[in-house]
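What follows is calculated from the coordinates using simple rules that are stated; it is not laboratory data. Only a predicted model underlies this, so the values are computations on that prediction, with no experimental measurement involved. Cβ atoms come from the backbone with ideal geometry, glycine included; neighbour counts cover every protein chain shown.
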Amino acid sequence: MPSFRTLTLFSAMLLALVVSGLSAPTPARALSEQQELVEQAALTVKKFRSDPSMSAINYLIENARAVLVYPSVIKGGLIFGGEGGNGVLMSHSKDGKWLGPAFYTMGQASWGLQIGIENTEIIFVFMNDKGLNRLLTSQFKIGGDLSVAAGPAGAGFEASSQNTLQDVYYYARSKGLFGGITIEGGVVAINDGWNEAYYGRPVKPVDILIKGTVFKADAASLRKALASK
């Protein structure tokens with residue numbers, strides 16, 4: 001039979017383990033899939049806006065009605081067959097505030113793609129209410145009744161008349177290179193499940209992007225990236 005001293009020592013060790021467990025630092029809360037995508041989108045915006053060869057994107061974003069960011073679109077084979085990616089949409093209110101994010105998917109298309117490219121970052125810049133209103137529908141095909149063009153690269157775009165010609169401009173970068181894809185025919189759809197998960201209740205893009213009845217401070221990094229001059 002264990003002695004009284006042995007039991008006392010054992011009890012003391014057990015108590016020490018319990019106390020140390022209670023006082024140990026709590027691991028940092030893992031980011032949700034939605035928040036991780038928001039952070040990735042903020043990084044994509046920063047990278048595109050800071051590239052001197054793509055300076056025109058800054059003018060377009062500052063004058064945009066909405067910006068849709070896909071930090072990672074994965075191809076299937078040599079084209080974007082049944083593959084796609086998740087993206088975040090931010091609307092630009094008339095008083096200059098960025099509302100959102102709302103979550104969207106993209107896929108179901110056959111897009112031209114450079115051979116060997118597996119992962120592409122894409123930013124769509126919607127220049128008017130017509131484009132934003134199409135984003136509020138359940139899904140739409142890129143192109144269709146919206147005029148779409150690859151975004152201009154260099155400075156001086158703001159002084160030209162081109163900025164009134166297109167509803168949507170897009171920028172794409174694959175493995176550090178811009179361009180290399182055609183996006184007409186891609187299908188953009190609302191991701192209701194991710195919107196509900198992020199905001200904690202069922203919400204529609206119109207509530208997030210137009211009415212502004214739901215708000216998440218967690219998207220501050222993306223708002224800042226879009227608002228930066």
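Below are the figures for this structure:
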quantity: Positive minus negative residues near Asp129 (Lys, Arg vs Asp, Glu; Cβ under 13 Å); calculated: +3
quantity: Distant-in-sequence amide H partners of Arg65 (H built 1.01 Å from N, under 5 Å); calculated: Phe126, Met127, Asn128
quantity: Under Karplus coefficients 6.51, -1.76 and 1.60, residue-wise ³J(HN,Hα) of segment 38-43 in Hz, glycine/proline x; calculated: 4, 5, 5, 5, 4, 5
quantity: Formal net charge of residues neighbouring Val214 (Cβ-Cβ distance under 13 Å; K, R +1; D, E -1); calculated: +1
quantity: Residue-by-residue Karplus 3J(HN,Hα) for segment 204-215, coefficients 6.51, -1.76, 1.60, Hz, glycine and proline x; calculated: 9, x, 5, 5, 7, 9, 10, 6, x, 7, 10, 8
quantity: Placed amide H near Lys204: partners under 5 Å, 5+ positions off or other chain; calculated: none
